Structure formats: structure tokens, C-alpha cells
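Asks: Okay, handing you the structure first.
Every number in this text was worked out from the coordinates using simple rules, so none of it is lab data. Note that the structure is a prediction, hence the values are computed from the model and not measured. Reconstructed Cβ throughout: ideal geometry from the backbone, glycine too, with neighbour counts over all protein chains shown.
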Amino acid sequence: MSTIAVAYEQPACQTQHAWARVPVEPNQAQRLALKQTIRELLVQRNAVMVSHYYVHPDLQDLAEETGGIVSDSLEMARFGRDHAAQTLVVSGVRFMGETAKMLSPEKTVLMPDLDATCSLDLGCPVDAFSAFCDAYPDRTVVVYANTSAAVKARADWVVTSSCALEIVGALHAQGQKILWGPDKHLGAYIAKQTGADMVMWQGSCIVHDEFKAHELRDLKAAYPEAAVLVHPESPADVVSLADAVGSTSAILNAAKRLNTNTFIVATDNGMLHQLRLQNPGKTFIEAPTAGNSATCKSCAHCPWMAMNSLAGVAHVLQTGANAVHVDPALIQPACAPIDRMLSFTQALKAGQGQAVALMTAGAMVEGIGAA
Ligand code: SF4
């Protein structure tokens, strides 16, 4: 286990320094033994694995092999809530474990490392964000899922990158003005796409902030047949070069849908595992970065996602350590905007008209402006 320094720059705290604990990579024999131990413990403990696309491929593969899920944060939340298992093992970062716990307070939620955090969460302390909200009392507060339970409790809506456009678009269509936090790049992308009136917290993801437009243009020139897939947490000049912009799930869909065999990918390189698994025969090239990543000088990989490991999963299943706790006073107010998101996306699946109707129904608007 080694500890690495991570610098992050956020408006509420100026430049700050954090850290990440990166586990040692197991050898093949250790890997097989750990996987077998985890399989047995999952059964014994009535537990299921919920892994994010950005964690180590071992944790993605094992989740799928054992009846769990590999997904984006929206599907992680839904799956954990709806699954019959009494224990959820969430491989991801802290806010994902907190969201799982809030949606399933009666379940045990374990994480391989409770210190796995996120620069967006770190850079959006609740006191400063609340003061920002207080300065704009006429605006609907929409926050990204990458925030603490306390910040979610201050919001009217929680969104993920897979539903943010639709939800902000629907609020804008109702004439509502938005206060957005914390990711400035995702906020700018949504404002441009929807035309919504948005004031923004100026946070960013240290991983996606690393992608560089000039170098991406050069790479595109070297691979003219390639389609560029970009996560909207990336800077606007990188997004402007994309053939497809979207959440992790949207990027996976675009790789299947677009009529080319070569892709340049601007998101965390943990995604390459699923992209390659689901698209045999296609080529995926990592988009160029500024080279400042704490975990990998020439690629984009989240240092906090890297804190998740097979050994960590085995340890928490064996000991029950690293249980996620959320202040009980925050559960109801933080769940309300999450429930709105889940209800909206459910209705959206059933049809756009139903989602818009739901948006204007009492149950969906009663919290607006009241948080
Ligand atoms: Fe946060 Fe970025 Fe890491 Fe995702 S990749 S957890 S947004 S720092």
C-alpha cells in the first residue's frame, strides 16, 4: 500500500492537497484466491457487489460474475435499492456509498476504503455552498451526485451525468432558473445544450480536467477515422471536438452505435475495460492529458477510484469493517432530491410525455425552492 499526494484546485478552498492510498497489485495466484474468497463470503453474508466503471477491472469482472452490477452512479443507486441482498459492497467513491446507504438505510453498505473521495465533493463544502444558495433564493438548486449528503440535503434536485440534460431541460421549460453545483464543465455543457439560465459553483473533476484540446486535435489528425467519445466533465474545448458526449453509459452506447472501429476516449481509463469487453475487434485509444495525474503520468485515472481493491473487498466482507454511516438527520432531506431524480428517469423511460407530466405533478414540485 502506498500513499500518494493529490493536488486539487477548487474555488471554495483555492489550491488544496489531498491524498490517496493505492493498494499493491496482487499477483495472479493472489488474485484467484481473493476472488474465490469473495465469492464465498458474498453468499455467506447475503451480499452483492456494486462496482463503478472506473474501478479496477477485477472488481468489475467479479461484480458481473457474482450477480452484481458494473454501472454508472445512477444505476448503482437503483440497483442497490432494488436488490434483495442485505449487504451492498460498493466499489467506487464515498458519495456512491453514501447514496446507496441513504436509499437503503436498513441495509449494510460496505466500501473497500472509506477514504476514497472525489475532488468535486471535496471542493464543495456544505457551509460555503449553502451561502451560495442563500445568495440566489429564487433559483432551483440542482446538484450533481458527486457531492456529500449534506450538500444533497440543500438541493431541490440531484442529477447524474446520464440524466442532467433532461432534468435541467425540463426545469428550464417550466421557466425555472437554476443554481448548479459543483462541476463547472458539466454545468457549462448543460447550459449550452438547454439554454437554461444557470449560475454555477466552480468545481471540477481533477481527472477530466486533465484532457487537453490541442493534443486531442493532433491525435484526431493521426487517426482521422476515429470517433471521439467525451465525458461532459471535460473542459468545453475538449467537448467541442467530440463525436459523442455523455455519461459513462452513453459512452458505452456510442461505442456500439457509431459506424467506426476506432475511438479516442476522454474519460477515466477504467472505462476502457468495459469498452473493450463489449466491443471486441474495435480499438480504443486514450485521449491525451496534461500529464499531471497522481496515479499515472500519461493517462487519466482517478486516484480515489484506484483505492478500491480485491483485498479491500475481501477484508470488509470478512470483518464487516468500513460500514458507511450517514447522519440520520440528513437521510430524509438528501433522499428527497434523489427520489425526484429516480422518479423522473423512471418516467422518462416510460416516455417523454409522462416525465414532463410527472414534473408538473404535486409530488415532484412540492420541494422546489423549499430545500
Ligand atoms: Fe470525482 Fe473525477 Fe474521481 Fe469521478 S473521476 S470520483 S468525478 S475525481
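Asks: Find the eigenvalues of the gyration tensor of the Cα atoms of the range 208-300, then list the square roots of 5 times those eigenvalues as equivalent ellipsoid semi-axes, largest first, in whole angstrom.
Replies: Working: eigenvalues 70, 42, 31 Å².
The three semi-axes for the range 208-300 are 19, 14, 12 Å.
Asks: What GluC sites (Glu not before Pro) does the range 152-225 have in DSSP loop regions with at most 14 other beta carbons within 10 Å?
Replies: In loop regions of the range 152-225 (DSSP not H, G, I, E or B), the sparsely surrounded GluC sites (Glu not before Pro) are Glu225.
Asks: Based on DSSP H runs of at least 4 residues, each adding -39500 (n - 2.57), what is the mean residue ellipticity at 222 nm of the chain after dividing by all its residues, to the nearest 500 deg cm²/dmol?
Replies: Details: 17 runs with 163 residues, N = 371.
About -12500 deg cm²/dmol.
Asks: Out of the range 60-129, which GluC sites (Glu not before Pro) are coil in DSSP terms and have no more than 11 other C-beta atoms within 10 Å?
Replies: Working: sites: Glu64, Glu65, Glu75, Glu98, Glu106; in loops: Glu106.
The qualifying sites are Glu106.
Asks: Moving on to the next point. How big is the gap, in Å, between the Cα center of the range 69-103 and the Cα center of the range 130-157?
Replies: Using only Cα atoms to place each centre, the spacing works out to 22 Å.
Asks: For an R0 of 56 angstrom, estimate the FRET efficiency from the Cβ-Cβ distance between Asp127 and Glu25 and round to the nearest 0.05. Let's see the in-between values first.
Replies: On the way: r = 39 Å, r/R0 = 0.70.
Efficiency at R0 = 56 Å is approximately 0.90.
Asks: Under 10 Å, Cα contacts only: if you run a Gaussian network model on the chain, which one of Val24, Val238, Val143 comes out with the highest mean-square fluctuation?
Replies: Of Val24, Val238, Val143, the Gaussian network model singles out Val24 as fluctuating most.
Asks: Filter the DSSP H helices in the chain by two things, a Kyte-Doolittle mean of at least -0.5 and an axial alpha-carbon span of 18 angstrom or more, and list the hits by number. All intermediate terms of the calculation are to be shown ahead of the outcome.
Replies: Values: long enough: 28-44 (24 Å, -0.21); 328-350 (33 Å, 0.50).
Those that pass (Cα extent of 18 Å or more, hydropathy at least -0.5) are 28-44, 328-350.
Asks: Okay, moving on. Which peptide among 322-330, 118-126, 11-19 comes first, and what is the full order, when sorted by highest mean count of other Cβ atoms within 10 Å?
Replies: Numbers: 322-330: 14.8, 118-126: 23.9, 11-19: 12.9.
Listed from highest to lowest mean packing, they are 118-126, 322-330, 11-19.
Asks: Something else about it: Between Ala236 and Gln44, what is the FRET efficiency for a Förster distance of 51 Å, r being their Cβ-Cβ separation, to the nearest 0.05?
Replies: On the way: r = 49 Å, r/R0 = 0.97.
E between Ala236 and Gln44, to the nearest 0.05, is 0.55.
Asks: Just to be sure I understand: with springs between alpha-carbon atoms less than 10 Å apart, which residue in Ile251, Ile178, Ile285 has the highest mean-square fluctuation in the Gaussian network model of the chain?
Replies: Taking springs between Cα atoms under 10 Å, the residue moving most is Ile285.
Asks: Let me ask something else about it. If I model a spin label at Ala5 and Asp243 as a point 7 Å from the Cα along the Cα→Cβ vector, what separation in nanometres do I get?
Replies: Here the modelled spin labels are 4.1 nm apart.
Asks: Tell me, what is the FRET efficiency for Thr15 and Asn253 to the nearest 0.05, using R0 = 45 angstrom and their Cβ-Cβ distance as r?
Replies: Details: r = 37 Å, r/R0 = 0.81.
Rounded to the nearest 0.05, the efficiency is 0.80.
Asks: Here's another thing I want to ask about it. When a footprinting reagent is the concern and you count Cβ atoms within 10 Å, what order do Thr267, Thr194 take, fewest first?
Replies: Fewest to most other Cβ atoms nearby, the residues stand as Thr194, Thr267.
Asks: Which of Phe132, Ala149, Gln14 sits farthest toward the positive end of the charge dipole of the chain, with +1 on the Cβ of Lys and Arg and -1 on the Cβ of Asp and Glu?
Replies: Ala149
Asks: If we count other beta carbons within 10 Å of each Cβ, what is the order of Leu114, Leu88, Leu34, fewest first? Could you put the intermediate results ahead of the total?
Replies: Working: Leu114 16, Leu88 26, Leu34 20.
The most exposed by this proxy come first: Leu114, Leu34, Leu88.
Asks: Evaluate Rg over Rh across the chain, taking Cα atoms for both radii and Kirkwood's formula for Rh. Intermediate results must be reported in sequence, preceding the final value.
Replies: On the way: Rg = 19.9 Å, Rh = 21.0 Å.
In the chain, Rg relative to Rh is 0.95.
Asks: Take Ile206, Ile69 and order them by how many other Cβ atoms sit within 10 Å, fewest up front.
Replies: Details: Ile206 25, Ile69 18.
Neighbour counts put them in this order, fewest first: Ile69, Ile206.
Asks: Please find, in a Gaussian network model of the chain (springs between Cα atoms separated by less than 10 Å), the residue of His83, His231, His52 whose mean-square fluctuation is greatest.
Replies: In this elastic network of the chain, the residue with the biggest mean-square fluctuation among His83, His231, His52 is His83.
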